[in-house]
1. If the requirement is being of a type outside the set (Val, Ile, Thr), in a helix (DSSP H, G or I) and at pLDDT 85 or above, which of these qualifies: PRO179, PRO243?
2. Can you give me the number of residues within region 164-183 that are among the aliphatic types (A, V, I, L, M) and in contact with a strand residue (DSSP E or B) (Cβ under 7 Å, 6 or more places away or on another chain)?
3. Could you say whether any residue in region 251-268 is farther than 28 Å from ASP165 by Cα, modelled with pLDDT under 90 and touching an Asp or Glu at 6+ places or on another chain (Cβ under 9 Å)?
4. Can you find a residue that is touching a Ser or Thr at 6+ places or on another chain (Cβ under 8 Å), of a type in the set (Phe, Trp, Tyr) and either at pLDDT 85 or above or on the phi < 0 side of the Ramachandran plot (or both) anywhere in region 451-462?
5. Need pairs with beta-carbon distance below 8 Å; first residue more than 15 Å from THR513 (Cα to Cα) and within region 486-502, second of a type in the set (Lys, Arg) and in a strand (DSSP E or B); sequence gap 6+ or separate chains.
6. With region 60-161 as the region, which helices (runs of 4 or more DSSP H) entirely inside it contain at least 1 residues that are among the hydrophobic types (A, V, I, L, M, F, W, C)?
7. Could you please let me know if LEU374 is within 30 Å of ASN494 (Cβ to Cβ), surrounded by fewer than 23 Cβ atoms within 10 Å (Cβ to Cβ) and touching a Leu at 6+ places or on another chain (Cβ under 7 Å)?
8. One residue is enough: does region 423-434 have a residue meeting the conditions more than 24 Å from the chain's Cα centre (by Cα) and hydrophobic (A, V, I, L, M, F, W, C)?
Amino acid sequence: MRSCMQFSGILGISKKSSKPVFWFKDFRLLLTGLGFVLSPLKFVKAYYEKAKLDHIATLGPDRLWGSYMAALRWTTAATDIVEEGYHLYPGGIYKIPTIDGWRVVVNGTGLVKDIMQASDEQLQVVTNEILQTRYTMHPELAPDPCYIDVIRTPLTRNIGARFADVHDAVRKVISENIPITDDWTEMYTYQTVLAIVFRAVNCLFAGLPLFWDPDWYDLNITFAIDVVVNSAIINLFPKFTHPVVGRIFTGRKSAMRRAIRHLQPIIQERLKMQEQIGQEWVDRPSDFIQWLIDTEQNAPLSQRTSVEDICIRVLAANFAAVHTTSFAFTCALYHLASHPELAEPLRKEVQMTVEREGWTKVSMVQMRLLDNFLKESERLNGVGATGLQRKVLQDFTFSNGITVPAGTMIGASTWGLQRDDEIYPKGDELNHYRFYEMPSREGERSKHQLVIPPSEWLTFGQGGHACPGRFFASAELKVMMAHILLNYDVKFPNDSKGFPRFKFSNIVGPNQTAKVLFRKRKVD
């Protein structure tokens, strides 16, 4: 007993309250500061390893001090740097310094196709490394991401069958979060959107009654914030320290306990019903939890996992779906607020389509102008200055003859490519008819839809690693925007025409503190 109490004291836990005391938080702050101190060492190490990249052009200073200052600039002006590189090296390759080391950026659709066609043994997707999922989520999540296959197949196949439930959830949650009033109501947009998107997503992910549970909402939002913040802190430290630092900067075990508390009774009840009723279970739930259970039961015994594994996959899927869709929907609302004149043609299309087809998946597909508006919004914002981020596992030679050595981090210029005036005339401007009016041969009109990623479109990724949830995301975005258009007028305070954007390092997104005005739609 005494040794246990001594151990509790070392961890900073009070014997009376069993809660962490303040010095433990201070210890984490001290380690964070240490990470910032050590981060230049990572850069210095990378600088002296850059000889293997000398054959690749450098954007900006090449010497140690100058390149370090350029790396600091990357944190606040990544889009400017990438745009400059796109025009200086059209269709080519260049390298830029970042705090984490040298990054190689490729321009043009030809080199994008090279990345798309590369095997996983040549180029490795680095999402798990960037987010340090081994420490921030779960050690076994990356090696066996079966939840991606569930999103790609059963979830996508069931969008139509479950669309009425999604629409009903969207209708209810929007009316609860955005009051329908005759006067303009000012709201923090991103937080409102987050609540709407979370419940729209969890209609299919968690089902009733869990997706209305406030603690389930708080758990998933907190978990996502912790993953982003803690992974950023872990990445400040040299790699050899990650096993230690990763155990300090993580809330995953606490999140797992909360998730198990919510999901274990649901999973156990469903397993019991499946065992008792089997194939005769007529009203079997149709949601992400059930599809994970079905996948588990169909797998060989050696590949079956536990309740904890199912819980982390639900958390991970929520992390991926909720925040990317919230970014996209907030951006679309900002564009609508800065261009109120766009509302009427979009509204007419929505109204005519719903009158003809009802609220169905088919009607969402037929809203071509709305699809174009959402795609155009994504084109201008996307998810970062660069996309298709990969780690070179084997020396890789691009089609222009330049070889990038193993160990190098590479990415494609999203910001430059999706604003290229030769591909998209007046590429910096929002044109809500751009894709709608693009010429296409008979039967190929669908190739300009939001969910179809051509080589000049990087927001959803490319090839086998393209976003598996893009069909569900597209349906969600359309039903949410359609509901807003039919019921609300939207504008910025003081009738502002600007677009409030947030940029940090490679991240580009909507400003999360901006406000938008809503009121009940005025019918002429």
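1. Checking each option against the conditions leaves just PRO243.
2. 2
3. yes
4. No.
5. ASN487/LYS520; TYR488/ARG519; TYR488/LYS520; ASP489/ARG519; ASP489/LYS520
6. Output list reads 64-88, 109-117, 127-131, 146-150.
7. Taking the combined requirement at face value, the residue does not satisfy it.
8. Looking through region 423-434, at least one residue is more than 24 Å from the chain's Cα centre (by Cα) and hydrophobic (A, V, I, L, M, F, W, C).
The values are calculated or read from the model by the stated rules, or taken from the named source; none is laboratory data. As the structure is a computational prediction, the values presented were derived from the model and not from experiment. Glycine gets a Cβ as well: all are built from the backbone with ideal geometry, and neighbour counts include every protein chain shown.
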